[in-house]
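Please read the structure below before turning to the comments.
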Amino acid sequence: MNSEMNTKIGYFSQAFLRIALATAFFSAVMDRFGLWGPPGTVNVSWGNWENFLAYSNSINFYASPTLGLMLAVIATALELVFGTLLLIGFKTKVTAIGTGILLSLFGIPMVVAFGIQPTFTYSVWIGASGAFLLASVPTYKWSIDNLLKK
């Protein structure tokens, strides 16, 4: 494969990864606010904030309920902020690192609380490794970062 083709694939793949990570965050947030449907609906994990908070607190079993609520709110806020920044391609490198760290911070307590399997079902490690890989990309062609660089 020639270098021009590799460059084009690189532009596409980094943009695709940014969009995939962003939409995964947005989808999870939509689920916890019931926007994909109520609890019990096919492909709905939580269906409302209360179910999400109970799940989050079971992962963060070491935390008090008050701290658990704060962790759930912070995680939700970070997912919205990181998702938006990834989607528009602003501060992409820093956001990608933050995304990888956030996903790892979800994954580690999930393993302790439930074992390794749920982290695969929720693609936690794929998302985290993809985010860290995205942080290594030198140029984000279709992004606000690239527009500001010019």
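Each value in this text was obtained by applying a stated rule to the coordinates, not by laboratory testing. For clarity, every value in this text was computed on a predicted model and none was experimentally measured. Please note: Cβ atoms are built from the backbone with ideal geometry, for glycine as well, and neighbour counts cover all protein chains shown.
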**Residues that are touching a residue at least 12 places away in the same chain (Cβ under 8 Å) and under 19 Å from Ser27 (Cα atoms), drawn from segment 63-80** = Leu71, Ala72, Ala75, Thr76, Leu78, Glu79, Leu80
**Item:** Flag if Val42 is hydrophobic (A, V, I, L, M, F, W, C) and touching an Asp or Glu at 6+ places or on another chain (Cβ under 8 Å)
**Value:** no
**Message:** Can you pull out every residue in segment 121-150 that is under 11 Å from the mean Cα position of the chain (by Cα) and crowded, with 18+ Cβ neighbours inside 10 Å?
**Reply:** Val124, Gly127, Ala128, Gly130, Ala131
**Request:** Identify, by number, the condition in (1) under 30 Å from Leu53 (Cα atoms); (2) of a type outside the set (Gly, Ala, Ser); (3) under 16 Å from the mean Cα position of the chain (by Cα) that Gln14 doesn't meet.
**Result:** (1)
**Asked** What tally of residues in segment 1-49 results from selecting those that are in contact (Cβ under 8 Å) with a residue 24 or more places away in the chain, farther than 30 Å from Gly68 by Cα and among the β-branched types (Val, Ile, Thr)?
**Response** 0
**Asked** Residues in segment 108-120: is at least one surrounded by 14 or more Cβ atoms within 10 Å (Cβ to Cβ), farther than 27 Å from Ser58 by Cα, in contact (Cβ under 8 Å) with a residue 40 or more places away in the chain and touching a helix residue (DSSP H, G or I) at 6+ places or on another chain (Cβ under 9 Å)?
**Response** no
**Message:** Just the residues that are among the hydroxyl-bearing types (Ser, Thr, Tyr) and under 23 Å from Thr99 (Cβ atoms), please, taken from segment 1-53.
**Reply:** Tyr11, Ser13, Thr23, Ser27, Ser45
**Residues of segment 83-104 satisfying the condition of being in contact (Cβ under 8 Å) with a residue 40 or more places away in the chain and closer than 20 Å to Trp49 by Cα** = Gly83
